[in-house]
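One structure is given here, and the rest of the page talks about it.
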Amino acid sequence: MSLAPVALVTGSSRGIGRAIALELAGAGYDVAVHCARDEAKARGVASEVAARGRRAAVYRADLGSRADRERLVEGVRRELGRIDLLVNNAATTSSGRADLLEAAEEGFDEVIAVNLKGPHFLTQAVARWMIELRKAHPERPMSIINISSMSEYTPSVNRGDYCIAKAGLGMVTRLWASRLAEHGIRVNEVRPGIIATDMTAPVKDVYDRRIAEGLTPIRRWGAPEDVARAVRALASSDFDFSTAIAIDVDGGFHLHRL
Ligand code: NAP
């Protein structure tokens with residue numbers, strides 16, 4: 001069995017997750033590439049990982065489903081044999097961007113299941129496995145990184161479900177950081193701002209204008225690679241003494257200005 005570290009990156013068939021998978025492959029990780037539906041795209045990312053000289057395996061799972069999460073972890077165990085880094089990146093967007101006064105419960109349930117319950121319970125399953133692995137190899141660094149959002153602390157009244165899920169994910173980071181520190185497993189967070197992916201493509205014109213007007217001190221869109229580099233750095237031993245921290249990759253959006 002290879003001694004290379006293994007990373008499971010959820011939602012790595014495209015967008016930010018794909019960039020994270022490739023950045024980690026470049027840093028020497030074998031990668032479990034995951035998608036919800038688009039296996040062809042996920043296989044394409046796996047080929048890009050392989051082109052960097054690393055092993056890759058592809059998994060399809062709805063993270064809102066317990067059975068799918070269990071199959072995902074079992075698949076990684078069987079095919080890649082270990083796990084050193086979990087990146088909870090996958091998320092679904094708020095369907096229809098309905099105003100708070102109109103938004104339906106069904107949409108809420110779906111967003112909470114995928115964006116909050118999914119990463120929480122996937123972390124539980126992976127953490128149990130990491131604790132076992134750490135007993136055999138206490139010297140191997142292990143960590144979990146949640147991709148939250150500026151929506152964790154910024155209300156958008158046309159996607160309340162998404163904001164509530166991201167706010168909850170901040171507590172998921174703090175809870176698991178508290179629980180896993182004694183086992184030498186760090187849990188941290190990266191908070192992207194406005195990043196050019198499929199998720200933001202439908203609102204591109206609005207954000208083009210608002211960024212040009214100065215919404216973010218650094219006046220450009222973020223690239224998926226901006227987020228990926230932060231994940232690679234946070235996972236590295238350079239951050240050995242940090243847990244429950246959040247890195248904003250947002251062009252300074254979080255800065256209050258007068
Ligand atoms: P994206 O381009 O829409 O990609 C979403 C990924 O998540 C895809 O791989 C998709 O798989 C997967 N996914 C969707 N629904 C799923 C489900 N039910 N179960 C499992 N996987 C599912 O998104 P992105 O913009 O790269 O965003 C990545 C992360 O960054 C998300 O957590 C997002 O909230 C966060 N974020 C993004 C921005 C931004 O501006 N883009 C800003 C802040 C935070 P398929 O390809 O199979 O559909």
Checklist line | FRET efficiency, residue 233 to residue 137 (Cβ-Cβ, R0 30 Å, nearest 0.05) | finding: 0.85
Item checked: Accessible area in the full protein assembly, largest first, 1.4 Å probe, for 120, 256 -> 256, 120
Item checked: Sulfur and carbon atoms: percent of accessible area, the range 75-153 [1.4 Å] -> 54 percent
Notebook entry, point to check: Given the protein chains as shown and a 1.4 Å probe, how many square angstrom of residue 117 are accessible, to the nearest 10?
Noted result: 90 Å²
Margin query: Below 9 angstrom from the Cβ of residue 158, what's the summed charge of the other residues (Lys, Arg +1; Asp, Glu -1)?
Written below: +1
Next item on the list: Could you work out the equivalent-ellipsoid semi-axes for the range 123-165, taking the square root of 5 times each eigenvalue of the Cα gyration tensor, largest first, in whole Å?
Entry: 35, 10, 4
Next item on the list: Could you let me know the centre-to-centre spacing of the range 58-125 and the range 1-33, using Cα atoms, in angstrom?
Entry: 17 Å
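Rounded to the nearest whole Å³, what is the per residue volume of the convex hull around the Cα atoms of the range 1-151?
It is 111 Å³ per residue.
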Note to self: I need the per residue convex hull volume for the chain, using only the alpha carbons, in cubic angstrom as a whole number.
What the structure shows: 129 Å³
Checklist line | Under 12 Å, Cβ to Cβ, from residue 97 - net charge with Lys/Arg +1 and Asp/Glu -1 | finding: -2
Note to self: Given the DSSP H assignment, sum -39500 (n - 2.57) over each helix run of at least 4 residues in the chain and divide by its residue total; what's the result at 222 nm in deg cm²/dmol, nearest 500?
What the structure shows: -13500 deg cm²/dmol
Next item on the list: Express the C-alpha Rg of the range 124-243 as a ratio against the empirical globular expectation 2.2 N^0.38 Å, rounded to two decimals.
Entry: 1.26
Notebook entry, point to check: By how many degrees, 0 to 90 and rounded to 10, does the Cα axis of helix 39-51 deviate from the longest principal axis of the chain?
Noted result: 60 degrees
Notebook entry, point to check: How big is D, in µm² s⁻¹, for the range 198-240 by Stokes-Einstein at 37 °C and 0.692 mPa s if Rh is the Kirkwood radius over C-alpha pairs?
Noted result: 268 µm²/s
Check: Solvent-accessible area per residue for the range 54-167 at a 1.4 Å probe radius, Å²?
Finding: 47 Å²
Next item on the list: Select from the range 162-258 those trypsin sites (Lys or Arg not before Pro) which occupy a DSSP coil region and have at most 13 other Cβ atoms within 10 Å, ordered by residue number.
Entry: 219, 220, 257
Notebook entry, point to check: Excluding the sites themselves, what is the longest stretch of the chain that contains no GluC sites (Glu not before Pro) in a DSSP loop with at most 13 other C-beta atoms within 10 Å?
Noted result: 1-101
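The values are calculated or read from the model by the stated rules, or taken from the named source; none is laboratory data. Being a predicted model, the structure only gives us computed values, none of them experimental. Glycine gets a Cβ as well: all are built from the backbone with ideal geometry, and neighbour counts include every protein chain shown. All accessible areas refer to the heavy atoms of the entire protein, side chains included, with ligands and DNA or RNA removed. Shrake-Rupley method; radii C 1.70, N 1.55, O 1.52, S 1.80 Å.
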